[in-house]
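Structure record follows, encoded as structure tokens.
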Amino acid sequence: MKELEDRIRKDGIVREGNVLKVDNFLNHQCDVSLYDQMGAEWARLFEGKRIDKILTIETSGIGIACVASQHFGSVPVVFARKTESTNLDGEQYRTEIRSFTKNRVYNVIVAKRFLNPGEHVIIIDDFLAMGCALNGLLEICDEAGVVVEGIGIAIEKGFQPGGKELRERGYQVESLAIVDSMDPETGNIVFA
Ligand code: 5GP
């Protein structure tokens, strides 16, 4: 998506350790008009699919998914919560996710009553890198018995293996910008 690539070129900051900082418009300060264009693009890419719900993960996915929902008939957005608690009360799907940027492991939960067997969902998130966040959400979807119609990602770092592995598993992964390479010295970003 050209608008997103242009914005990454303009405002993205390449950090050491393969981290792209986009907090000026995507995951701290939010450009709602850009979110809206992203939602429209996912609606085009997933056209014809039955979508009952959008699943995402806090924090950065929530705003993006909520704006996108308006392009999918305002379906409910469910976000997985990161929690310190290891309390297993049977009312929640629970998994562990390793954070690429923070290098720590989170417990992630979704209340069972918000994902019902047979529902069709798309998963939306801001970044796809190693695929840990997505794999955790897919485990929850599996356990819940929902049908995953696709995965919408704002920025995929194509030089990390998450996207390739998910496509090989048969998921329709629609990343609106795929970064092929980025250089922390020059700030240069190459898109696929
Ligand atoms: P993964 O689980 O695929 O390794 O990484 C996905 C999650 O890590 C995303 O939800 C995002 O929060 C974070 N992340 C991964 N790479 C980057 C990056 O380069 N920049 C930022 N800002 N977040 C990232």
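Using 0.36 nm per residue of separation minus the Cα-Cα distance, give me the extension gain between residue 13 and residue 167 in nm, one decimal.
Answer, rounded to one decimal: 52.7 nm.
Does the stretch 80-150 classify as rounded, prolate or oblate by the C-alpha gyration tensor (a ≥ b ≥ c root eigenvalues; a/c under 1.5 gives rounded; else a/b over b/c gives prolate, otherwise oblate)?
oblate
Stretch residue 21-residue 89 to full length: gain in nm at 0.36 nm per residue minus the Cα-Cα span?
The span from residue 21 to residue 89 would gain 20.8 nm if fully extended.
Under a 1.4 Å probe, what is the accessible area of the stretch 39-135 per residue, stated in Å²?
Ligands and nucleic acids excluded, the result is 49 Å² per residue.
Once you order the gyration tensor axes a ≥ b ≥ c over the Cα atoms, which shape class does the stretch 15-129 get: rounded for a/c under 1.5, otherwise prolate or oblate by comparing a/b with b/c?
oblate
With the cut-off at 1.5 for a/c, could you classify the stretch 63-192 from its C-alpha gyration tensor as rounded, prolate or oblate?
prolate
Restricting to bridges with both residues inside the chain, how much of the DSSP beta-bridge set is antiparallel, in percent to the nearest 5?
For the chain, the DSSP antiparallel bridge percentage is about 45.
Return the subset of 2/112; 49/112; 2/164; 21/49; 10/53; 49/102 for which the Cα-Cα distance in this structure is over 30 Å, preserving the input order.
2/112; 21/49; 10/53; 49/102
Could you work out what % of the accessible surface of the stretch 72-192 is carbon and sulfur, using a 1.4 angstrom probe and leaving DNA, RNA and ligands out of the count?
45
Mean separation of Cα pairs under 8 Å and 6+ residues apart, divided by the residue count of the stretch 1-123: what relative contact order is that in percent?
The normalised contact order for the stretch 1-123 reaches 21 percent.
When DSSP assigns beta bridges and you keep just the ones with both residues in the stretch 58-172, what percent turn out antiparallel, to the nearest 5?
55
Between the stretch 35-84 and the stretch 7-22, what is the C-alpha centre distance in whole Å?
If we compute the Cα centre of each part, the gap is 23 Å.
The values are calculated or read from the model by the stated rules, or taken from the named source; none is laboratory data. In this text the structure is predicted, and so the values were computed from the model without any measurement. Remember, those area values only see protein heavy atoms, side chains included, never the ligands or the DNA or RNA. Shrake-Rupley method; radii C 1.70, N 1.55, O 1.52, S 1.80 Å.
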